[in-house]
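Working notes for the structure below.
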Amino acid sequence: MIGEHVGFVRAVRVAGPGREFLPTSEPVDLVIADGVIADIAPTGNLRPTGVVVDGEGGWLLPGLWDHHVHVLQWALVAERVPLGEVASARDAASIMAFAPESDGRRVGVGFRDGLWPDEPSLALLDAATGDGATYLVNADVHSVWMNSAAFRREGFEPVASGMLREEDAFEISRRLNAMEPDRADDAVERMARAAAARGIVGLVDLDMTWNDEPWQRRVARGFDTLRVSYGTYPQHLDRAIAEGLRTGDRVRGAAHDLVRVGPLKAITDGSLGTRTAACAHHYPGEIGNHGLLTVPPDALVDMMTRATAAGLECAIHAIGDVANAHALDAYARTGAVGTIEHAQLVAHADIPRFARLGVAASVQPEHALDDRDMTDAIWAEQSAQPYPLRALVDSGANVRFGSDAPVASLDPWAAMASAVFRTRDGRDAWHPHQRIDIDTAIAASTAGGSTAPAQISPGALADLVIVGDDPHAADERGLRAMPVRTTLLAGRVTHGA
């Protein structure tokens, strides 16, 4: 049934936003017309029309969104060597010695060196990998460990650690992602189908490139699996303004409105794993290292002012508490509309400012569990609140969930499980006072976020997902393994049925 337009959904129980307005908790039927929900009534009270999907008593939610994805980089993860479970620099180097090559490069992804017992070095990687150009991309994408052959190939001066950080690392990632368009677009289409299989109907693409061009190409090629809002980076802001890109406009030349211009994305500090997030207190054992503020406050205000005047919303990467404070200050000074991406360490006094300024917190709950041990070690001396999820929700902030894929897997159920239970793998809950309820987690996983969730009601878009279990009754493992039966995009089947 993939691609078919559904006219009727039979026997589903509503589990997401909108169920409080229904007259019953028993199964209901939905009529879908012209891509929207036309009617809802208890099962047996509406006449079936068109293609029918039998929900068989499954649970219905609004279609899910991932509000932070690096689309092509995530799509290419399957072609690269996974290093997420590697426990030392020596082990990582040994694995890469036997990695397959693509385009003359060996690429590994997902390592986390913050708690490794040994230090990455150029000499260590050279000894293991020889003359084959070898690249290990940190899970946070803010650093890349390379051997001498890779330094020579890319034209960078070798450093003793073998490690490039921040903008140099981003440039390497851009080069690794550059490939023949058909191959790239095939990978993105596979990624989109996999996302739909987890109930995803839309995402925000923040790939570090001029995203307008590949999305025009993909739509012309027939891409119609997801809704996409794509970002623009500061180095392309002048071009975006000159070409008249405005947030919410459909991509140029498109016959449908699934792909639209998104926000200006600016990265204002580093990351926890690379020890470059801008923080008030120094990193343990690194006196004077408070991280990096990569965009000065006045430059950020100027950039956001120009974007706002041109009709672009903003998405400001801020991980450390200093970066978050500066980003909030910039929103206050400019009146810009948009998000702070990550908000991983926030001063207690700054948490209420998100709601007061109308700035959405675009957060990735899986990062809290990926980083829990690093946070406890590397941010032990920080006085701000790490991963303040419940605090942001309680303050009235609009919280939007995402994965930051490839930093974490593109799976909204994993994000919800981390937010609700703050644990995985049988460990005790980490900072359990920051857990949230499942209703808020579902709302944060929809297009509008926690304070303005997509609804299941007449007149709403028929972006819907039917799952096999009740999310409200699921434990942590059950939520992560949630069976997705059917995903509908404006009433059209993109998965299952």
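Things to note:
- Distances between placed amide hydrogens fall under 5 Å for Ala462 paired with Val36, Ile37, Ala490, Gly491, all partners being 5 or more residues away or on another chain.
- For region 1-103, applying the loop criterion from DSSP together with a ceiling of 11 other beta carbons within 10 Å to the GluC sites (Glu not before Pro) yields Glu85, Glu101.
- Each residue of region 219-235 is assigned a 3J(HN,Hα), and the resulting list reads 5, 4, 7, x, 4, 8, 7, 9, 7, 9, 10, 10, x, 10, 9, x, 5 Hz, derived from the Karplus form 6.51 cos²θ - 1.76 cosθ + 1.60 (θ = phi - 60°), x at Gly and Pro.
- Legend: calculated FRET efficiency, Met374 to Thr49, from the Cβ-Cβ distance at R0 = 35 Å, rounded to 0.05, equals 0.05.
- Given charges at beta-carbon only (K, R positive; D, E negative), |dipole| of region 143-256 in Debye: 380 debye
- Per DSSP, loop chymotrypsin sites (Phe, Trp or Tyr not before Pro) in region 57-133 with at most 10 further Cβ within 10 Å: Phe98
- Projected area, mean over directions - region 92-154, Cα convex hull, nm²: 4.1 nm²
- Fully extending the segment from Leu115 to Ala178, taken as 0.36 nm per residue of separation minus the present Cα-Cα distance, adds 19.6 nm.
- Taking Cα atoms only, the orientation of helix 412-421 departs from the longest principal axis of the chain by about 80 degrees.
- In region 165-227, the portion of solvent-accessible area held by carbon and sulfur atoms comes to 49 percent [1.4 Å probe, whole percent, DNA, RNA and ligands not counted].
- Carbon/sulfur fraction of accessible area - region 356-497, other protein chains in place, 1.4 Å, %: 47 percent
- Taken along its three principal axes, the alpha carbon spread of region 76-119 comes to 32, 18, 12 Å, from the longest extent down to the shortest.
- For Arg13, the amide hydrogen comes within under 5 Å of the amide hydrogens of Val28, Gly58, Trp59, Leu60, counting only partners 5 or more places away or on other chains and with H modelled in the peptide plane.
- Gain upon complete extension [Arg239, Val159; 0.36 nm per residue less C-alpha separation]: 25.4 nm
- Zero-based 5 Å bins, Cα pair distances in region 281-322, whole percents: 5, 19, 21, 19, 13, 10, 7, 5, 2
- Length-normalised contact order of region 311-432 in % [C-alpha pairs under 8 Å, at least 6 apart]: 24 percent
- Full extension of the chain between Asp302 and Arg190 gives 36.4 nm of extra length, using 0.36 nm per residue less the Cα-Cα distance.
- Note on Ser409 and His282: their simple-model spin labels are 4.0 nm apart, each label 7 Å out from Cα toward Cβ.
- Rel. contact order, % - alpha carbon contacts under 8 angstrom, at least six apart, the chain: 19 percent
- Accessible surface computed residue by residue for region 160-255, with neighbouring protein chains in place and a 1.4 Å probe, gives 40 Å² per residue.
- Overall, region 288-430 carries a charge dipole of about 420 debye about its Cα centre when +1 sits on the Cβ of Lys and Arg and -1 on the Cβ of Asp and Glu, all other atoms neutral.
- Once the Cα atoms are used to define both axes, helix 297-309 deviates from the longest principal axis of the chain by about 30 degrees.
- Charge dipole (the chain, unit charges on Cβ, about Cα centre) - positive-most of Ala299, Val51, Ser362: Val51
- Between 0 and 90°, nearest 10: helix 167-177 axis offset from the chain longest Cα axis: 60 degrees
- Summarising the amide proton neighbourhood of Ala41: residues at separation of 5 or more, or on other chains, whose placed amide H is nearer than 5 Å comprise Asp29.
- Solvent-accessible surface of region 66-117, taken per residue with a 1.4 Å probe and all protein chains present: 44 Å².
- Here, P(r) means the percent of Cα pairs in each 10 Å bin from 0 to the largest distance; for the chain it is 4, 19, 29, 27, 15, 4, 1, 0.
- J(HN,Hα) series, region 184-196, from Karplus relation 6.51 cos²θ - 1.76 cosθ + 1.60, nearest Hz, glycine and proline x: 5, 5, 4, 5, 5, 5, 4, 4, 5, 5, 5, 5, 4
- Here the dipole of the chain is about 860 debye; that uses its Cα centre as origin and unit charges on the Cβ of Lys and Arg (positive) and Asp and Glu (negative).
- Rounded to the nearest 10 Å², the accessible area of His431 at probe 1.4 Å: 50 Å²
- Per atom type, region 1-132 shows carbon and sulfur on 51% of its accessible surface, probed at 1.4 Å.
- Using the Cβ-Cβ distance between Arg427 and Glu79 with R0 set to 41 Å, the FRET efficiency works out to roughly 0.85.
- Residue-averaged [θ]222 nm for the chain, counting only DSSP H segments that reach four residues, each worth -39500 (n - 2.57): -8000 deg cm²/dmol
- For region 325-412, GluC sites (Glu not before Pro) are listed when DSSP marks them as loop and at most 15 other Cβ atoms sit within 10 Å of their Cβ; the list is Glu381.
- Per-residue HN-Hα couplings for region 118-134 [Karplus 6.51, -1.76, 1.60; θ = phi - 60°; Hz; x = Gly/Pro]: 10, 9, x, 8, 4, 5, 4, 6, 4, 4, 7, 10, x, 8, x, 4, 10
- Long-range tail of P(r) for region 12-98 (Cα pairs > 15 Å, %): 72 percent
The values are calculated or read from the model by the stated rules, or taken from the named source; none is laboratory data. Predicted model only: the values in this text are computed from it and were never measured. Reconstructed Cβ throughout: ideal geometry from the backbone, glycine too, with neighbour counts over all protein chains shown. We work out accessible area using only protein heavy atoms, side chains counted, and drop any ligands, DNA or RNA first. Shrake-Rupley method; radii C 1.70, N 1.55, O 1.52, S 1.80 Å.
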